[in-house]
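To start, the structure under review is shown below, and the notes come after it.
The values are calculated or read from the model by the stated rules, or taken from the named source; none is laboratory data. Note that the coordinates shown come from a computational prediction; the quantities given were computed from them, not determined experimentally. No Cβ is skipped: glycine too gets one built from the backbone with ideal geometry, and neighbour counts run over all protein chains shown. Only protein heavy atoms, including side chains, enter the accessible area calculation; ligands, DNA and RNA are left aside. Shrake-Rupley method; radii C 1.70, N 1.55, O 1.52, S 1.80 Å.
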Amino acid sequence: MKRRETSVEINAPRENIERILEDAPQFITNWPYVVKVSTKNGVQAEILLPRFVFKFGDTYAFTVMTDSSSYIYEGIGRKSHLTATVTLKEWQKSVTANVELSYQGRGELLLGKPLEILTKGIAKSLKELAENLGPIPSPSASSSIVDGVDFSDPMSVATFLSKSKMVHSGLHIVQKGGLLNVITEIRDRLSDSVLYVSGVTQDGSRSFKLLLRGSQVLAVEYRDQNGSRVVKVEDENTAREALEIVSGIEGAYMVNVWVPVGGA
């Protein structure tokens, strides 16, 4: 696996930087070597990495995970695997963003220089976008409700649902690694950024709960015959653990979606 890393100082409020990072399609569009970005079936980006007379292209389906200081953009392609991790460290007058890029797959041994350019380009675009961003909107009134949801505490879930409304219910066939694509298709018909999604198989042997803000997975619970796993995303390790659970969910599920009353 090839890895490249760089850091950049950004003279902008942390909130500006996080707004850029949370808008994955727009952020990825501004990366070097990105040919096209689509949101029809989740966030997908075609990236062409040139080296000598060769061109190593792939289309990546991106999943975005986040914790208190890092944003992870994991792209799965047909021939390669590309992951960008942006970690923020706030100082008194600025914010430092560390960008780490890892690549595994076709042309791996030849792509040191293009990956270096891509890494530095991601950092540069983040700096330019954040420093030129307009005023920050007022925080949502439902933020505190969302932050209080804990899947290991049934009462917190009940409190959230009591202040929410169901906006979708239907049977969906979930391909392995495709749950977020299903949710994206549902989200396209909604205007809310916060979603609580539950799913259960017809025989009740498997179920999941998922809490999302935009493209970020905040928490996940999965139950099957072996028991249950609950992960609240708090750092890079739990973000990767949550991604592993979400990516492994497959089968026929009755899927229900709620949003906080008044939006988020």
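Which numbered condition trips up HIS172, out of (1) at positive phi; (2) touching a helix residue (DSSP H, G or I) at 6+ places or on another chain (Cβ under 6 Å)?
Failing condition for HIS172: (1).
Would a scan of region 221-232 turn up a residue that is under 24 Å from VAL261 (Cβ atoms), among the small types (Gly, Ala, Ser) and outside any helix (DSSP H, G or I)?
no
Among (1) assigned to a strand (DSSP E or B); (2) open to solvent by 60 Å² or more (accessible area, probe 1.4 Å); (3) under 22 Å from SER247 (Cα atoms); (4) not hydroxyl-bearing (Ser, Thr, Tyr), where does ARG78 come up short?
(1)
Check LEU161, LEU211, LEU171 and return the single one that is open to solvent by less than 50 Å² (accessible area, probe 1.4 Å) and either out of contact with any Ser or Thr (no Cβ under 7 Å at 6 or more places or on another chain) or over 12 Å from TRP258 (Cα atoms) (or both).
LEU211
Could you list, in sequence order, all residues of region 81-114 that are touching a strand residue (DSSP E or B) at 6+ places or on another chain (Cβ under 7 Å), surrounded by fewer than 18 Cβ atoms within 10 Å (Cβ to Cβ) and of a type outside the set (D, E, K, R)?
If the condition is that a residue be touching a strand residue (DSSP E or B) at 6+ places or on another chain (Cβ under 7 Å), surrounded by fewer than 18 Cβ atoms within 10 Å (Cβ to Cβ) and of a type outside the set (D, E, K, R), then HIS81, THR87, SER94, THR96, ASN98, SER102, GLN104, GLY105, LEU110, GLY112 are the ones that fit.
What do you reckon, is THR63 at pLDDT 85 or above and either closer than 22 Å to LEU210 by Cβ or not in a strand (DSSP E or B) (or both)?
yes
Kindly indicate whether TYR222 is over 17 Å from ALA24 (Cβ atoms), of a type in the set (Phe, Trp, Tyr) and in contact (Cβ under 8 Å) with a residue 40 or more places away in the chain.
Judged against the criteria, TYR222 is not a match.
Does VAL230 fit the bill of being farther than 18 Å from THR184 by Cα, modelled with pLDDT of 90 or more and open to solvent by 30 Å² or more (accessible area, probe 1.4 Å)?
yes
Condition check: among the aliphatic types (A, V, I, L, M) and in contact (Cβ under 8 Å) with a residue 60 or more places away in the chain. Does VAL200 satisfy that?
no
Output the residues belonging to region 140-154 that are at pLDDT 75 or above and either part of a helix (DSSP H, G or I) or open to solvent by 50 Å² or more (accessible area, probe 1.4 Å) (or both).
Selection gives ASP150, SER152, ASP153.
Collect the residues in region 174-206 that are outside any loop (DSSP other than H, G, I, E, B) and open to solvent by 30 Å² or more (accessible area, probe 1.4 Å), keeping them in residue-number order.
LEU180, ASN181, THR184, GLU185, ARG187, VAL200
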